[in-house]
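Have a look at the structure below, then the notes.
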Amino acid sequence: MLINCVAYQEGKKLSDIPVEDISEYLKEQDTFVWVALRDPGVDEIEVMKDEFSLHELAIEDAARGHQRPKMEEYGSNIFVVVHIVEMEGDDLKVGQLAVFAGANYVLSVRSDSRQDFLGVRARAEREPHQLGKGAGFVLYALVDAVVDRYFPIVDRLESDLESIEDQIFSQKNGQRANIERLYELKRKALVLRHAVIPLMDAVGRLHGGRVPAVVAETQDYFRDVHDHLFRIAGRLDAVRDTINTAIQVTLSMVAIEENDISKKLASYAAIFAVFTAFAGVWGMNFEFMPELKWKYGYPCALATMALVCGYLYRKFKKAGWL
């Protein structure tokens, strides 16, 4: 679906233009065209391929979707793929933004995402001196907008992790639920990391050293994006390490709880073993057994068993087993 198709000249908006006129505007001097598509069909992709003379391999990647974040050069043009990561309730959904950038055009193709980039276009149009830098600045603005949306997700992951850590030590039971939440959190962190790490490599090729001509004037901006990605990657590594530690702590606490239960069971088993031992000896009823005919034999036997059991209970209690 076509979202926008606009022509700009010297950083200022000329007008919305029909798709079939794109190739004509591309011939004009100091003019570039910015087109935005969302979940386009095959026919729309083919039209854009003809109007912008795009490489068929890049078109195939944009149409297929679910590509790894990357930056590829096709002659003087570049093709950039970025993952759009967004929260839907408690789950993460991953979409894709594919951007074709040439000397005088930018074509963005958004797939499987509800997030729009109308704010990016409005911001660029408010800064004609920046928009005058052409396709390189638009590419930066789009990638920067995606990266900036990673930060709230990292904040959410860190907040959820802190909440789980508090529950690990406050809950005596239900550690299984904590482990399940930790593994789910680890999965989310891994999803975001898969979007960030490859993009770091791609953005790293857009500043410093030999860079594509399209972004020659915007290297400093991409260096800033790379710095943001580096910070996000560091925070994700810290979250991952903390999750691994939290899982180990949780498993250790489960083992400690099981050991405490085993101690209690062993203590009570030892106490009741006294009853069994005394009852087994005095219950044999041999004819010449001592105290068998004694008047106070039965209460004396019960008292002896109670005293020994009480003594054992006190010892186990003092040792922390009960």
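Odds and ends about this structure:
- Of the set (1) at pLDDT below 90; (2) touching a Phe, Trp or Tyr at 6+ places or on another chain (Cβ under 9 Å), all apply to VAL203 but (1).
- Tally, over the stretch 17-46, of residues that are within 18 Å of ASN77 (Cα to Cα) and aliphatic (A, V, I, L, M): 6
- Meeting the requirement of 3 or more residues that are within 17 Å of ASN4 (Cα to Cα) and at pLDDT 90 or above, the strands (runs of 3 or more DSSP E) wholly within the stretch 58-122 are 91-102, 105-111.
- Options GLU46, GLU60, GLU56, GLU10: the member that is farther than 19 Å from VAL99 by Cβ, surrounded by fewer than 18 Cβ atoms within 10 Å (Cβ to Cβ) and assigned by TED's automatic domain parsing to the domain that holds ALA141: GLU10
- Among the numbered conditions (1) over 24 Å from TYR105 (Cβ atoms); (2) within 23 Å of the chain's Cα centre (by Cα); (3) among the small types (Gly, Ala, Ser), the only one that GLY208 does not meet is (2).
- Among the residues making up the stretch 224-247, those that are within 15 Å of TYR150 (Cα to Cα) and among the basic types (Lys, Arg) are ARG231, ARG235.
- Annotation for the stretch 16-25: no member residue is within 30 Å of LEU190 (Cβ to Cβ), of a type outside the set (Asp, Glu) and touching a helix residue (DSSP H, G or I) at 6+ places or on another chain (Cβ under 8 Å).
- A search for C-beta distances below 7 Å between a residue of the stretch 27-39 that is without any contact (Cβ under 8 Å) to a residue 40 or more places away in the chain and any residue that is of a type outside the set (Lys, Arg) and surrounded by fewer than 22 Cβ atoms within 10 Å (Cβ to Cβ), counting only pairs 6+ apart in sequence or on different chains, returns ASP30/GLN9; ASP30/GLU10.
- Inspection of the stretch 145-156 finds a residue satisfying the criterion of being closer than 20 Å to ASN4 by Cα and either in contact (Cβ under 8 Å) with a residue 40 or more places away in the chain or over 26 Å from the mean Cα position of the chain (by Cα) (or both).
- The sole residue among VAL225, VAL203, VAL191, VAL239 that is surrounded by 15 or more Cβ atoms within 10 Å (Cβ to Cβ), farther than 22 Å from ARG156 by Cα and not hydroxyl-bearing (Ser, Thr, Tyr) is VAL203.
- Taking every residue in the stretch 292-311 that is in the same structural domain as VAL274 (by TED's automatic domain parsing) and pairing it with any residue that is aromatic (Phe, Trp, Tyr) and modelled with pLDDT under 80, at least 6 positions away or on another chain, the pairs with Cβ-Cβ distances below 6 Å are ALA301/TRP282; MET305/PHE275; MET305/PHE278.
- Each residue in the stretch 92-111 was checked for being surrounded by fewer than 16 Cβ atoms within 10 Å (Cβ to Cβ) and touching a helix residue (DSSP H, G or I) at 6+ places or on another chain (Cβ under 8 Å), and 2 pass.
- In the stretch 117-136, the residues that are closer than 26 Å to ASP39 by Cβ form Cβ pairs under 8 Å with partners that are assigned to a loop (DSSP other than H, G, I, E, B) and aliphatic (A, V, I, L, M), at six or more places apart or across chains, as follows: ALA135/ALA103.
- Scanning the stretch 1-56 for residues that are of a type in the set (Asp, Glu), under 25 Å from MET71 (Cβ atoms) and not in a helix (DSSP H, G or I) yields a single hit, ASP39.
The values are calculated or read from the model by the stated rules, or taken from the named source; none is laboratory data. Given the structure is predicted, the values throughout are model-derived calculations rather than measurements. Using ideal geometry, Cβ is built from the backbone for each residue, glycine included, and neighbour counts are taken over all protein chains shown.
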